[in-house]
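First the structure, in the form of structure tokens, and then the observations on it.
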Amino acid sequence: MAFVVGLATAGLTSEAPPGEAVLNALLRAGLMFGAFFAFRAGYARVRGIEGMGPGDVKLAAVAGVWLNWTDLPIAVDIAALSALASALLGRVSGKEYGLVGRGETSLSAFCLASSSRLAQILFLQKRKTVSL
């Protein structure tokens, strides 16, 4: 649902023609899906365990629809650094904890938080520039 709403939003709110904006959003989504899927498959092949679930890959595609080219790497960096900080805190404290239990940390939670916060900041910046 978020994917479809994101496509509609891209078509209706972009300065580019609606068709071009939707195609651009689909391209970003495809790139994010492909990059996260490749990382997921590569990690599983090298380590022999699943390090990233299919939900992380799907959420990356949704982020690709909602965020523009310059904001995508920022959102991924924030999510990755937040997840690493959480894992480091768990290691330093000697406790195995995580967001999904069993000492595991879901990248989706950090990706969702960083993407939504970044979208809020960008939306507020657009409103300020429009009202001036």
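The values are calculated or read from the model by the stated rules, or taken from the named source; none is laboratory data. Just so it is clear, the model here is predicted, and its values are computed rather than measured. Reconstructed Cβ throughout: ideal geometry from the backbone, glycine too, with neighbour counts over all protein chains shown.
Would you please name the residue that is farthest from ASN68 (Cα to Cα), looking only at residues in the range 21-50 that are touching a residue at least 12 places away in the same chain (Cβ under 8 Å) and among the charged types (D, E, K, R)? The selected residue is ARG40.
When the criteria are applied in full, SER93 fails the requirement of being at pLDDT 70 or above, surrounded by 12 or more Cβ atoms within 10 Å (Cβ to Cβ) and more than 13 Å from the chain's Cα centre (by Cα). Does GLY42 satisfy being surrounded by 14 or more Cβ atoms within 10 Å (Cβ to Cβ) and not in a loop (DSSP other than H, G, I, E, B)? Taking the combined requirement at face value, the residue does not satisfy it. Which ones in the range 3-20 are among the hydrophobic types (A, V, I, L, M, F, W, C), closer than 26 Å to ASP56 by Cβ and without any contact (Cβ under 8 Å) to a residue 60 or more places away in the chain? The answer is VAL4, VAL5, LEU7, ALA8, ALA10. If you go through the range 58-77 and pick out every residue that is of a type in the set (Val, Ile, Thr), at pLDDT below 90 and crowded, with 18+ Cβ neighbours inside 10 Å, you end up with 1.
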